[in-house]
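Written out below as structure tokens is the structure these notes cover.
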Amino acid sequence: MRRWVVLFLLAGVLGLRCAGQQWYVAPGGDDRAAGDAAHPLATLREARDRLRALRTGRQLQDTVVIWLADGVYHLVSPLILEPRDGGTERWPVIYRALPGAKPVLCGGREYHGFGEDERGWWHLTLPPGIRTEQLFVNGRRMTRAREPDSGFFHMNSVTEQIWWRGKGRVPALARQIIGTDEQSLRQLRELSSSEVQEVRITVYHKWDITRRTLDGFTDTSLIVSGQGMKPWNRWHRGTRYRLENFWGALSRPEEWYLDQEGLLTFIPPPGMELNTATVVVPVTPRLLILRGRNGEKVRNIRFEGIRFLYTADPLAGRAFEPAQAANTIGAAIEVDEARGIAFDRCEIAHTGGYAVWFRDDCRGCSLTNSFLYDLGAGGVRIGTTDIPREERVTHDVHICNNIIRSGGYLYPPAVGVWIGHSASNEVCHNDIADFRYTGVSVGWVWGYGPSPAKGNLITYNRIHHLGWGLLSDMGGVYTLGLSEGTVVSHNVIHHIWAYDYGGWGLYTDEGSGGILMESNLVYATKTGGFHQHYGKENIIRNNVFQNADRYQLQCTRVEDHLSFTFTGNVVWYDRGVLLGGPWDRIRIRMDSCLYWHDGGEVRFLKMTLRQWQRRTGHDRHSRIADPGWEKDQNGDPVAVLFTPIKGTAFRGFDTRQAGVTGENPWHGQARLDLHLLEDFRRIMQGKKPGEEGFR
């Protein structure tokens, strides 16, 4: 008897069946079957359609459970759930893994039958029409052939020819001519004109990337076209870029190349066996869509214990024009016009875009106890980039106790958790790590205009190992616009490392206002533990800022209103300087803090504390004293409980409460691999990371 039949029958014997309607689904089932434990269906679509038929003409007053057996459910298009597929608060619809099972909704196609040449390279001709930006072997993301293999090419010059300016600040259509050198042109000379137009260039500039195909090249330059360069984020001499997707770049283990005829070539790493390898090519960018229709909401659907694996690049090889936070990129799971949609104990991985997006008019939704990893873009998106009507603002979404890690592989500007025009959401007790840009981004208004992003709570998270020296202008927690009632507290934020400027821990950017940031531990950042570009009436209190590399604290713009209040904080460092920017001119309240420089003198813009007090009126009740806390061999704090400090307003807090909660295996899963930690530390030291496992 099949294993799933035994498990289904045991479910009934053990009383795991719940009252109400039930269907059973298994990869080896039959959509013509009864759908009971002994005769399961084959697809979730059939289970959905059975529920639709059952409800025709009547209100179903039962909990509905659709049990999923172990195995892989291949999808060539997303499962779509609409209002007629939902439940009620009392009688929800639940898609649930059978106890002990780990069912997979898979958007990839598995391939076998590779041949091997005399070099040990593998070859396989894919079916006509199959193109891909990603290849996975044995569950690991491989690297598309690129040059250089590590590091970057650098532009010698950039000129732009504007073809059509359009109406916005950015020219609608233009050509860029990139002056370069022989090294980046050498292998291109061997390609045909059609092959040249398959070559992709990725340009890394400030907090963004641009990805396009080449138009062509000359003896001294590369030529590309698309949107004009953004005036605030232009390319320039020294801007980094990579070339990929051509035969000559295929040179090292774990690289692959798919030519125009569909021949896939892969260089396996040492020890990988051809006959036992699992090779997956993603074919669909989305696995699950929940959406309201004609003003009616999709309601009360839960997903429990399900794995969502392998999605294609949402752009399918089209150009990616620079977009902060990769905000033009969709997700494997997209939810619109929804109420009470919940994901619990799920896994989302190997994606081409974001993992989950609670987008338009969502309320009371949640993602809990789930593992999101190996992401082409970021983890979770909440809300929209356009300001909706008040009644359509997404709010009350809960992202709690998840591990969200290792993303930005296709779209480095993507964010661990992004909140746009959305209010009253909670992001708590997550472990967010190993992204190339920001950890949590809140708000989407540049300046002091109207913003719906109010009352968001970012609390008790561990946010760490971000940036990887790839992009600039990032933060552990990054905010934009007026955000009254937003609280960022009791987070542990560390190892934030930008390419150039802007590896900050707490970063209140353009127009941030009404935000409370308190009781956070921030350490091992590149440019500062805290930075305010410009904003109003923010409160920064009771935090510990330790060992930023350049500046401990930064501010940028002087305005004619109260910019922020900085009280009761501990700033403790052994490198860099204390203050960067116009701290003596910006309008702030700054007092009752503790400052300490191990092995050096604390200076406030070259002033002593007494001079600083007399000149600015700040820090009248602040002290310079050693807090007496322990550090490890890297200079990072080891204290888990920061106690109040006499003579200051610092009240103390317990860092042990930050991060995921629950049993030890979940905590262990949140730890980054040692080789990743070592690679990150090498980047902080200005060295190249070790080759193995680094992408």
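A few remarks follow.
- Within region 518-531, the presence of a residue that is over 25 Å from the mean Cα position of the chain (by Cα), of a type in the set (S, T, N, Q) and surrounded by 19 or more Cβ atoms within 10 Å (Cβ to Cβ) is excluded.
- Screening residue 358 against (1) within 23 Å of residue 504 (Cβ to Cβ); (2) buried (at least 22 other Cβ atoms within 10 Å of the Cβ) leaves a single unmet condition, (1).
- Residue among 469, 476 that is surrounded by fewer than 24 Cβ atoms within 10 Å (Cβ to Cβ), within 14 Å of residue 525 (Cβ to Cβ) and not aliphatic (A, V, I, L, M): 469
- Strands (runs of 3 or more DSSP E) wholly inside region 466-523 that include at least 1 residues being touching a helix residue (DSSP H, G or I) at 6+ places or on another chain (Cβ under 8 Å): 492-496
- Count of region 283-320 residues which are touching a Gly at 6+ places or on another chain (Cβ under 9 Å), closer than 25 Å to residue 88 by Cα, of a type in the set (A, V, I, L, M, F, W, C) and part of a strand (DSSP E or B): 4
- Against the list (1) in contact (Cβ under 8 Å) with a residue 60 or more places away in the chain; (2) of a type outside the set (S, T, N, Q); (3) closer than 28 Å to residue 410 by Cα; (4) crowded, with 24+ Cβ neighbours inside 10 Å, the condition residue 506 fails is (1).
- The lone exception for residue 69 - which of (1) modelled with pLDDT under 95; (2) surrounded by 20 or more Cβ atoms within 10 Å (Cβ to Cβ) it fails: (1)
- Some residue of region 335-356 being modelled with pLDDT under 95 and on the phi > 0 side of the Ramachandran plot: no
- A residue that is buried (at least 17 other Cβ atoms within 10 Å of the Cβ) and either closer than 30 Å to residue 176 by Cβ or out of contact with any strand residue (DSSP E or B) (no Cβ under 7 Å at 6 or more places or on another chain) (or both) occurs somewhere in region 156-166.
- The set of residues in region 90-116 that are assigned to a loop (DSSP other than H, G, I, E, B) and either buried (at least 16 other Cβ atoms within 10 Å of the Cβ) or modelled with pLDDT of 95 or more (or both) comprises 91, 92, 98, 99, 100, 101, 102, 103, 107, 114.
- Pairs are defined by a Cβ separation below 7 Å, a sequence spacing of at least 6 or placement on different chains, a first member in region 624-651 that is over 26 Å from residue 684 (Cα atoms), and a second member that is acidic (Asp, Glu) and surrounded by 12 or more Cβ atoms within 10 Å (Cβ to Cβ); the pairs so defined are 641/654.
- Strands (runs of 3 or more DSSP E) contained in region 371-442 and holding at least 2 residues in contact with a Cys (Cβ under 8 Å, 6 or more places away or on another chain): 398-400, 426-428
- Among residues of region 658-672, those that are more than 18 Å from residue 541 (Cβ to Cβ) and touching a residue at least 12 places away in the same chain (Cβ under 8 Å), counted: 8
The values are calculated or read from the model by the stated rules, or taken from the named source; none is laboratory data. Given the structure is predicted, the values throughout are model-derived calculations rather than measurements. In this analysis, Cβ positions are derived from the backbone assuming ideal geometry, glycine residues included, and neighbour counts consider all displayed protein chains.
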